[in-house]
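Single-structure report; data block below.
The values are calculated or read from the model by the stated rules, or taken from the named source; none is laboratory data. Remember, it's a predicted structure, so these values are computed and weren't measured experimentally. Ideal geometry is used to build each Cβ from the backbone, glycine not excepted, and the neighbour counts take in all protein chains shown. SASA here: full protein model, heavy atoms, side chains in, ligands and nucleic acids out. Shrake-Rupley method; radii C 1.70, N 1.55, O 1.52, S 1.80 Å.
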Amino acid sequence: MLYLLDSGSPGDVRYCKEYYPLAGVTTNPSIIAKEMRAGEKRGFWQLLEEIRGIIGPKKMLHVQSVQKQAEGIVEEARLLESRIGGALYVKIPVGAEGLKAAMKLKGLGIGVTMTAVFTPAQALMAAEAGADFVAPYVNRLDNVAGGGCGVVEEIVRVLELHKSGCKCLAASFKNTWQVHNCAMSGCQSVTMSADIFRAVLGHPLTDAAVEGFDRDWKSVFGERTILSEDL
Ligand code: E4P
């Protein structure tokens, strides 16, 4: 499964790239606006160039268009492609204009992630229009009526049934159980915040086990380590 970081913070990107098997970064207008409100001094382009510089050209960077009409989306996608480059995926909210833009971008060889997907039917149509990824929002679905991971499972299944090359990029996670359930459904990729990255890996029993090893070792060998010649 591909793990992506859902963030506009270069600090988060640096941290996750160092410690986790990061396949790329996703942003959206709300994430970028949050950085700006928090006092980010760099402008939009500088911020994205910084993130691209940290992850390098081969890792995926998903950036959302803020246009609503297909022509505008395509124009923004071309600009993003020329300014940011590398493995770029332009995020487009699913809808008729979005599909029209996706078909055009497919012809131009620009990667597309169809976002704000809430049903398997939307996902399949987006895939047929040429989307490389479809991004369902797990926690937002859970907040309304539950079943966010069930929707992801159905999206994975419908894409497989129709032999689509499009991947499901599950997003909007608020706990580790949601991530686990998506993984169990065969979801090809997830994007999550730095906090969820940490939470997925952490467990109190792991901490207790490490403390126990440390205590037992030190009770016999003191502060000496395996690097010591006198063990
Ligand atoms: C990512 O593609 C989505 O834009 C994002 O994960 C939505 O997450 P939220 O529901 O936490 O805003």
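Summary of computed values
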{"item": "Residue identified as in contact with a helix residue (DSSP H, G or I) (Cβ under 9 Å, 6 or more places away or on another chain), within 15 Å of the ligand (Cβ to nearest atom) and of a type outside the set (Lys, Arg) among VAL152, VAL158, VAL144", "result": "VAL152"}
{"item": "Every pair of residues 6+ apart whose Cβ atoms lie under 6 Å, when the first sits in the stretch 161-188 and is on the phi > 0 side of the Ramachandran plot while the second is within 14 Å of the ligand (Cβ to nearest atom) and open to solvent by 10 Å² or more (accessible area, probe 1.4 Å)", "result": "SER172/TYR137; SER172/ASN139; SER172/ARG140"}
{"item": "Selection from the stretch 88-118 of residues that are more than 16 Å from the ligand (Cβ to nearest atom) and either more than 21 Å from GLY56 (Cβ to Cβ) or touching a residue at least 60 places away in the same chain (Cβ under 8 Å) (or both)", "result": "ALA96, GLU97, LEU99, LYS100, ALA101, MET103, LYS104, LEU105, LYS106, GLY107, LEU108"}
{"item": "When residues of the stretch 131-152 are limited to those that are open to solvent by less than 10 Å² (accessible area, probe 1.4 Å) and without any contact (Cβ under 8 Å) to a residue 40 or more places away in the chain, the one nearest to MET184 (Cα to Cα)", "result": "VAL152"}
{"item": "Members of the stretch 45-63 that are open to solvent by less than 50 Å² (accessible area, probe 1.4 Å) and touching a helix residue (DSSP H, G or I) at 6+ places or on another chain (Cβ under 7 Å)", "result": "LEU47, ILE51, ILE54, ILE55, LEU61, VAL63"}
{"item": "Index of the failed condition, VAL66 passing every other in (1) within 16 Å of the ligand (Cβ to nearest atom); (2) over 21 Å from ASP195 (Cα atoms); (3) open to solvent by less than 60 Å² (accessible area, probe 1.4 Å); (4) touching a Pro at 6+ places or on another chain (Cβ under 9 Å)", "result": "(3)"}
{"item": "Filtered residue count, the stretch 48-70, keeping only those that are assigned to a helix (DSSP H, G or I) and either touching a residue at least 24 places away in the same chain (Cβ under 8 Å) or β-branched (Val, Ile, Thr) (or both)", "result": "8"}
